[in-house]
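A.B. asks: First the structure, then my questions, so here it is.
Derivation of every value follows stated rules applied to the coordinates shown; laboratory data play no part. Keep in mind it's a predicted model, so treat the numbers as computed, not measured. Every residue, glycine as well, gets a Cβ built from its backbone with ideal geometry; the counts of neighbours run over all protein chains shown.
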Amino acid sequence: MTALLDKKIRQDFSILEQIINDEPLAYLDNAATTQKPKQVLEVLNNYYEKDNANVHRGVHTLAERATAAYEASREKARAFINAKSTKEVLFTRGTTTGLNWVTHFADEVLEEDDEVIISIMEHHSNVVPWQEVCRKNGAHLVYVYLKDGALDMTDLRSKLSSKTKFVSIAHVSNVLGCVNPVKEIAELAHEVGAYMVVDGAQSAPHMTIDVQELDCDFFTLSGHKMLGPTGIGVLYGREEILNQMSPVEFGGEMIDFVHEQKSTWTDLPWKFEAGTPNIAGAIALGAAIDYLTELGMDKVQAHEHELVSYVLPKLQAIDGLTVYGPQEVSKHTGVIAFNLDGLHPHDVATALDYEGVAVRAGHHCAQPLISHLGIHSAARASFYIYNTKEDCDKLVEAIIKTKEFFNGTL
Ligand code: 7TS
């Protein structure tokens, strides 16, 4: 039992106590979204029951409380990723919004024949906005491919040039489960004068993040993948860049002064937060950050590593089962995508659900990767702080049972 489970954290997640199809639930779809502990739900509820008011405008007590709690969460998010200043921490709807805002900046910077480098393993939210901005500006989207189930750094080096203006890479792949060396890539990107964008949707929930150490220009995360509610996330941007960058949305909250024909913008970070923000979401994200910080991100990572060390060899030993991404335990995070020979992953996921095991099946919003792997889809188990070795055993047993069932009937 790891230090995390000694603290009996499962008691904080009553949703996990459910019986699904006569079986205790093994929730292994954490890369899609994580469950929320009671501490986060209490903060959310408490805000609406006691402090609900709009932020940055009222002088009454509730408005002051709401504003203070909202801005306190920004400070928690700043500390969580070690940004220099809260000016660099923008609240968004999530990673997708964050990456769209970055490509809005790219739209102001890119010129014809410039290049944007991404990898073949990117989530659609780190592909489609770049496709659009490249198409509009006559720039080219250049892909880095794989080696041994992970990013091919030789390929990346060979594609960097003075034409490269942005490099945008997932810190952790939501399919391959590999960790990309984004610090090293940021250094290479900066050598050719390019901006470095890190999609941290699958890393921020699972490891310590230090944007200053990574030396990236932008970093995105989604609150719902790290115990927080949906509809809230963070875009980190280097202050000098955010100062140059135009706001993406216009309206209330983000202005300094509005004249009849033109307006001026307020300071960072509010210049980017037009309209009433997701106040409750931001405050609850702050509670999620408190929860994770109290556990310790090193312990979170160690716990998941222990689960992967336990389950990956068991999965690899199943005849006819292919695990995607790196095969070594040391290189694989708690995202494990797989296929069973001759079985459609949707059938596998449905059969696992009969056993109370929740996994995702499909293209995982990474169609370029899925095509590159020469498959149509995959099943995926993904782990988090509240998962146990019993969950791992349930997964393995349910897969073996599914295999035997289909082999017997096909
Ligand atoms: N980037 C990566 C690497 C992701 O895994 C996801 C979501 C996103 C970006 C987008 O995050 P959002 O919060 O804006 O939606 N990934 C998944 C997944 O793997 N299954 O469901 C959502």
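A.B. asks: Counting other Cβ atoms within 10 Å, which GluC sites (Glu not before Pro) in segment 44-92 have at most 14 and lie in a DSSP loop?
C.D. replies: Values: sites: GLU49, GLU64, GLU71, GLU75, GLU88; in loops: none.
For GluC sites (Glu not before Pro) across segment 44-92 that sit outside H, G, I, E and B with at most 14 neighbouring Cβ atoms in 10 Å, the list is empty.
A.B. asks: Something else: In segment 53-294, what percentage of the DSSP-assigned beta bridges are antiparallel, given to the nearest 5? Spell out each step's value before the answer.
C.D. replies: Working: 15 of 32 bridges.
That works out to approximately 45 percent antiparallel.
A.B. asks: Also: Plugging the Kirkwood radius over Cα pairs into Stokes-Einstein for the chain, at a temperature of 25 °C and a viscosity of 0.890 mPa s, what D comes out in µm²/s? Don't jump to the answer; show the numbers that get you there.
C.D. replies: Values: Rh = 22.3 Å.
D, rounded to a whole number, is 110 µm²/s.
A.B. asks: Another question about this same structure. Can you give me the P(r) profile for segment 293-357? Cα pairs, bins 10 angstrom wide beginning at 0, each as a whole percent.
C.D. replies: 19, 43, 29, 9, 1
A.B. asks: Find how many whole Å separate the alpha carbon centroid of segment 202-240 from the alpha carbon centroid of segment 361-376.
C.D. replies: With segment 361-376 and segment 202-240 each reduced to a Cα centre, they are spaced 25 Å.
A.B. asks: Using a Gaussian network for the chain with springs between C-alpha atoms less than 10 Å apart, which of these wobbles most: HIS171, HIS376, HIS104?
C.D. replies: HIS376
A.B. asks: Once you've got the Cα coordinates, tell me which of LYS225/LYS331; LYS84/LYS271; LYS8/LYS299; LYS76/LYS165; LYS163/LYS271 are over 23 Å apart. Can you show the working numbers first?
C.D. replies: On the way: LYS225/LYS331 21 Å; LYS84/LYS271 18 Å; LYS8/LYS299 14 Å; LYS76/LYS165 31 Å; LYS163/LYS271 30 Å.
Distance filter (> 23 Å) returns LYS76/LYS165; LYS163/LYS271.
A.B. asks: In a GNM of the chain with a 10 Å cut-off on Cα contacts, which of LEU340, LEU28, LEU176 has the highest mean-square fluctuation?
C.D. replies: LEU340
A.B. asks: Still on this structure, please answer the following. Report the net charge of residues surrounding LYS50, where surrounding means a beta-carbon distance below 14 angstrom and charges are Lys +1, Arg +1, Asp -1, Glu -1.
C.D. replies: Working: positive: ARG65; negative: GLU42, GLU49, ASP51, GLU64.
For residues surrounding LYS50, the net value is -3.
A.B. asks: Compute the relative contact order of the chain as a whole-number percentage, counting only Cα pairs closer than 8 Å that sit 6 or more residues apart in sequence. Walk me through the numbers before you get to the answer.
C.D. replies: On the way: 806 pairs, mean separation 92.0, N = 410.
Averaging sequence separation for qualifying contacts and normalising by length gives 22 percent for the chain.
A.B. asks: Taking the DSSP beta bridges in the chain as the whole, what percent of them are antiparallel, to the nearest 5? Don't skip to the answer; put the middle values down first.
C.D. replies: Numbers: 27 of 47 bridges.
Antiparallel bridges make up about 55 percent of those DSSP assigns within the chain.
A.B. asks: Further question: Apply 1/(1 + (r/R0)^6) to the Cβ-Cβ distance of THR276 and GLU397, taking R0 = 56 Å, and write down the FRET efficiency to the nearest 0.05.
C.D. replies: Working: r = 48 Å, r/R0 = 0.86.
Given R0 = 56 Å and the Cβ-Cβ separation, E is 0.70.
A.B. asks: Among DSSP bridges having both ends in segment 124-212, what percentage is antiparallel? Round to the nearest 5. Numbers along the way, then the final one.
C.D. replies: Details: 3 of 8 bridges.
Rounded to the nearest five, the antiparallel share is 40 percent.
A.B. asks: While we're on this one: Each residue of segment 282-292 in order: what ³J(HN,Hα) in whole Hz does its phi give by Karplus 6.51 cos²θ - 1.76 cosθ + 1.60, θ = phi - 60°, with x for Gly and Pro?
C.D. replies: 5, 5, 5, 4, x, 5, 5, 5, 4, 4, 5
A.B. asks: Treating the angle as unsigned and between 0 and 90°, give the value, to the nearest 10°, between the Cα long axis of helix 128-137 and the longest Cα principal axis of the chain.
C.D. replies: Once rounded, one gets 40 degrees.
A.B. asks: Pick from LYS299, LYS159, LYS50: which residue has the top mean-square fluctuation in a GNM of the chain where Cα pairs under 10 Å get a spring?
C.D. replies: The residue that fluctuates most here is LYS50.
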